[in-house]
1. Could you list, in sequence order, the residues of the range B:11-34 that are within 8 Å of chain A (Cβ to nearest Cβ), among the aliphatic types (A, V, I, L, M) and either in contact with a strand residue (DSSP E or B) (Cβ under 7 Å, 6 or more places away or on another chain) or assigned to a helix (DSSP H, G or I) (or both)?
2. If only one of B:L104, B:L81 is at the interface with chain A (Cβ under 8 Å from one of its Cβ atoms) and surrounded by fewer than 17 Cβ atoms within 10 Å (Cβ to Cβ), which one is it?
3. Does A:L445 satisfy the condition of being in contact with a helix residue (DSSP H, G or I) (Cβ under 9 Å, 6 or more places away or on another chain), more than 18 Å from A:N528 (Cβ to Cβ) and not in a loop (DSSP other than H, G, I, E, B)?
4. Looking only at the range B:35-51, which residues are without any contact (Cβ under 8 Å) to a residue 60 or more places away in the chain and more than 7 Å from chain A (Cβ to nearest Cβ)?
5. Among A:V251, A:V303, A:V273, which is buried (at least 22 other Cβ atoms within 10 Å of the Cβ), at negative phi and either hydrophobic (A, V, I, L, M, F, W, C) or not assigned by TED's automatic domain parsing to the domain that holds A:L226 (or both)?
6. Of everything in the range A:320-335 that's touching an Asp or Glu at 6+ places or on another chain (Cβ under 9 Å) and part of a helix (DSSP H, G or I), which residue is farthest from the other protein chains (Cβ to nearest Cβ)?
7. Any residue at all in the range A:410-417 that is outside any helix (DSSP H, G or I), more than 8 Å from chain B (Cβ to nearest Cβ) and without any contact (Cβ under 8 Å) to a residue 24 or more places away in the chain?
8. Taking interchain pairs and intrachain pairs at least six residues apart, which have beta carbon atoms under 6 angstrom, with the first residue in the range B:100-112 and of a type in the set (S, T, N, Q) and the second assigned to a loop (DSSP other than H, G, I, E, B)?
Amino acid sequence: MTSTLDQHGQHELQHGHPAPRRRGIFMRPGYLRALWVTPLFFLIGMYIVVALRALAGWDPVYDWEYIVLVAGMVTAPIGFLLGIGTFDYWLYWISGRPTLVDDHANHGAYSWKDYFKVNTDHKVIGIQYLVTTFFFFVVGGFLAMLFRAELAEPGMQFFDTQTFNGLVSAHATLMIFVFIIPAFAGLANFAVPLMLGAPDMAFPRLNALSFWMLPVAGTLFLASFLAPGGAFATGWTSYAPLASEQPFGQVFFNMGVQWAGASSIATALNFLVTIITMRAPGMTFWRMPLLVWANFTTSLLVVIATPFIAGSQFFVMFDRVMHTSFFTPDNGGYVLGYQHIFWFYSHPAVYIMVLPGFGIISEIISVFSRKPIFGYRLMAVSLIGILVLAFSVWAHHMFVAGMADWLRIPMMISTLLIAVPTGIKVFSWLATLWEGKIHLNTPMLFALGFISTFVIGGLSGVYLAAVPIDIHASDTYFIVAHIHYVLFGGSVFTIFAGIYYWFPKMTGRMYDERLGKLHFWSTFIAFNVTFFPMHWVGLDGMPRRVADYAATYGALNMVISVASFVLGASVVIFAFNMITSWARGPIAESNPWRAMTIEWQVSSPPPVFNFDEIPQVVGGPYEYGVPGARHAVLKGGALQEAHV
Amino acid sequence: MVVIAVVAAVIASLVAVLIRWLPESASEEMDRITFVYWFATIICIGIFALVAAVIIEAVWAFRVQPDDDTDGPPIHGNTKLEIAWTVVPAILVIAIGVVSAVVLSKNANAGSDPLEVKVFAQQFAWKFEYPGKVQSEELVMPLHRSVEFEMQSADVIHSLWIPQMGQKQDVVPGITTKIVITPTRTGDFTLICTELCGLGHATMRAPVRVLEQAAFRRWLDEQRAAGAGAGAAAGGTGGGQSSGGGSAAGDAALGKTTFASAGCGGCHTFEPAGTDAQVGPDLDNLVADAKKAGEPEAQYIEQSIVDPDAVIVSGYQPGVMPTTFGKTLSPAELSGLVAFLSGKEAN
């Protein structure tokens, strides 16, 4: 059992490099350095703006909107990333100063403090992602409680309409951009390299940078509440031209999306390179666990689609600050162009938010039914089918938008066809359950709960694909019900399933099963009571994104609001279970679920470099019930004690 | 499993039938939408029942004790079954697609003799224009005659929807969009904006009335006559620009209609107009507000309409009220509004 500090010393000897000079406390990467570099970069950005305005003779020279935009949303975040230390290695390299190729000083976590520092270990980054995104999940949920309080009764009680619209918009934005998408990135960060038999991600330092861009994005979204005129209030869809005319808070959305998007793209590239180049010997594509397949297709979606939302938000912002007219009706702008570009990202984004969940569910259903995944190859192929179709359906969000009429029918057909690969996945999971030996542990409960709610979300999707019904239901609470069945009943349930499933592997301790089951049932029931009635009020005539509504919907909205508070409270059970179990839960075995995939063949938590020797993959990942079958052979790494 | 499937199907069917999911139809288009809705519902109930039955039966029949370490049978797949659940759903969704396409083309067809109504949307009000330049803040439609709407927006995207009539269409600045509605029953309805358009979005509504064809013709004739009179009056005061004491009452009447047509009530409470929205300052307090600003009341009101950010009532934000009213209102409408708001009685 060697500690990495010893290894560190050995590497120095081997390479003969002098160690970099030990720097003072304000010069070392970390929060103290960030504390002065961030304001410094703010001032740099600020005086670029001031100098340019002074040179051009514009009045006022100190225009705070432009200063906050350039200094607060661009240069200060760069200063923060520099200060915290995400660029240190690269800057040493660029400036020709000595670097240690095998410098693992920032790798692995030896105390809880290491989780608050820049770290290049994929397992640490995975947990950093999960904890950070959980924070934004709680904040986003709290915003939802606030506007559900307003909606409990018709009329206006607590907020004015601008604040209400801001709460709705910030809720959706936090949940989508800094909770669901990065939470999946966190789970995959932890699991994918282990499942591949790889020592880490392909680009560990880029991985760290991707993570540290997230708090920047989340902070910008939240800071918009401090802007004059309030938070961005145009929904997470932020349609032009309203978005280019709104108070300044809107720019926080435009720029926050850039940081979240950059983080997403960098992570996705990292996954693609890792999956393509770092599979263990014998790990052919047809032997990869479905979670890896799912993240492979998701990463392709991210890399291809995300630049479109980045572009759309830049253009909306340019319409405001540079008086371009991309999406304004005067000067030849094209209002609907925004929606085409936005949805060209944001429809694939729906699959970005659900395919990794499909992967998690496949792992769990197979392990807890003790059976191979039914139709493994078709499961992988259907992911590719969804990937391809995902890019041909964006305009189904625009059936009432006034786009070219002829586009409706083809977009409807391709949308309906997506039900086919999705159906294949659901039916294959059901067939995997059939005749299995089913263990109803918490991950499995969330997996079964996911299938039930996701089927309802999928079926309401079929209604919405049918253009005539969509014309009636568009922009009503039916849509709100549908997206929550897909994104909460779909994505969030799978995130919970995944966290419970890998909790023993991540922490080396077992969560409390009784609390887990209590969390599942309270979430499942409160979720359905909250969101199912929304189908009804929507079809009956209640539009979405309204602070006030017709009195006839009062009773149902009261039910929805009360259930949503119960749903919020159920998260407390989860948080309590996670925190107490991590601190003093019973020590977990290395493979409590008797799973075959490689991450379960090493200790819990895994060694800092995952494997002492790269595993040899010899068969499929789900050969349960096949006598003598193995997925991978590990020498040395198996059952080794953790380094801590 | 069959028993569970039947039970699940019956429960789902009861939920579908006993709850009145869709509002009672009031248009031919909504009748067809309702048909597609039930067509899809029957298919969806079947699929839901199947999935629910398999999950429940599997958990019931195949659940084992926690200490059971055995594995299930190593079944890797079944090609026939996999082909079946690829092909059958494909056929079902294509069927929904075909039905939808037929209904869509019917719902877009205005027939040979539609009534053409122009719709103008702006933050946060609706205006309707009938043949012969008759303008109205209320949407009145004849029974059993297709109405073809031609819609334009002055500022941002809005969306027109009358829930009982199903059809919905965004109103987009820079382009003209169209929609067809053929009412099938008389009565009062509400038109609501369904595309988030800013502060007053939640209350951007307009009253809708469907009348028998003869009654509709009478209403249109009345409007024509009244419109001609009001137009002449507005032209007179607007051209003269000399709004002495005598014409103030006439102004206030025009002001009252302008208050409604420009959508002031979407954001402001003003008792004489019967509005109670709370987005912007309460206009019943104008006298006090003008005093606070130290300006004569009429001047204060006109300035607040044309240049709303000049004086901000405490507790409110600048940049919220549209700054376009100076351009969109005629001088007569503006002076009328000032008269109406400063409390001169409309006759």
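1. B:M30, B:I33, listed by residue number.
2. Going through B:L104, B:L81 in turn, the sole match is B:L81.
3. No; evaluated as a whole, the condition is false for this residue.
4. If the condition is that a residue be without any contact (Cβ under 8 Å) to a residue 60 or more places away in the chain and more than 7 Å from chain A (Cβ to nearest Cβ), then B:W38, B:T41, B:I42, B:I43, B:I45, B:G46, B:A49, B:L50 are the ones that fit.
5. Only one candidate passes the filter, namely A:V251.
6. A:V321
7. Within the range A:410-417, none of the residues are outside any helix (DSSP H, G or I), more than 8 Å from chain B (Cβ to nearest Cβ) and without any contact (Cβ under 8 Å) to a residue 24 or more places away in the chain.
8. Short answer, once both residue conditions are applied: B:S100/A:A466.
The values are calculated or read from the model by the stated rules, or taken from the named source; none is laboratory data. The structure presented is a predicted model; accordingly, all values stated were derived computationally and were not measured. Here the Cβ is made from the backbone with ideal geometry for all residues, glycine too, and neighbour counts use every protein chain on show.
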